[in-house]
Amino acid sequence: MADPQHAANPVLITDAAMSYEEELAARKHRYKIMMGMRIPLMILAAVFYSIPWLAVSLLVLSIPLPWMAVLIANDRLPKKREDVNRYDADRTQIENREHRIIEQD
């Protein structure tokens, strides 16, 4: 049996969290991009061997990439805010009621 409170207050789809499969796919994509950057950096270091400071810099950039890729891929995406945006069908009733006005003398 469905909970009547949840049926009266449906969650907006735009605020729904990403599914686990979508989140995993996004993390795999980031991992592949970061690991894919390592080989071109090493190839560029070999191409620029005649400029030692550039070759060493490119190699130094490629060294922490696997470590960073694993850390970022294993980290879950940040959660969305805690308050849930719900559709409020009775809002017009609240806006149409008469409000008490307090005057200052």
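Rolling a 1.4 angstrom probe over the protein chains, ignoring ligands and nucleic acids, what is the accessible area of M35 in square angstrom, nearest 10?
Ignoring ligands and nucleic acids, M35 comes out at about 60 Å².
How many nm is it between the label spots at R76 and S50, if each spot is 7 Å from the Cα in line with the beta carbon?
Those two pseudo-labels are separated by 5.3 nm.
Determine the order of R30, R76 by accessible area, beginning with the largest, at a probe radius of 1.4 Å.
My answer, sorted largest first, is R76, R30.
Enumerate the amide H contacts of M18 below 5 Å, restricted to partners 5 or more residues apart or on another chain; note that Pro and chain-start residues carry no placed amide H.
Excluding prolines and chain starts, which carry no amide H, there are no hits.
Can you tell which of M35, P52, A25 lies farthest toward the positive end of the dipole of the stretch 12-76, using +1 and -1 charges on the Cβ of basic and acidic side chains (Lys, Arg; Asp, Glu)?
P52
With Cβ to Cβ distances under 14 Å as the rule, what net charge do the other residues near E21 carry (K, R +1; D, E -1)?
Neighbour charge sum, excluding E21 itself: +1.
The values are calculated or read from the model by the stated rules, or taken from the named source; none is laboratory data. None of the values given here were measured: they were computed from a predicted structure. Reconstructed Cβ throughout: ideal geometry from the backbone, glycine too, with neighbour counts over all protein chains shown. Keep in mind that these areas ignore ligands, DNA and RNA; they rest on the heavy atoms of the full protein, side chains included. Shrake-Rupley method; radii C 1.70, N 1.55, O 1.52, S 1.80 Å.
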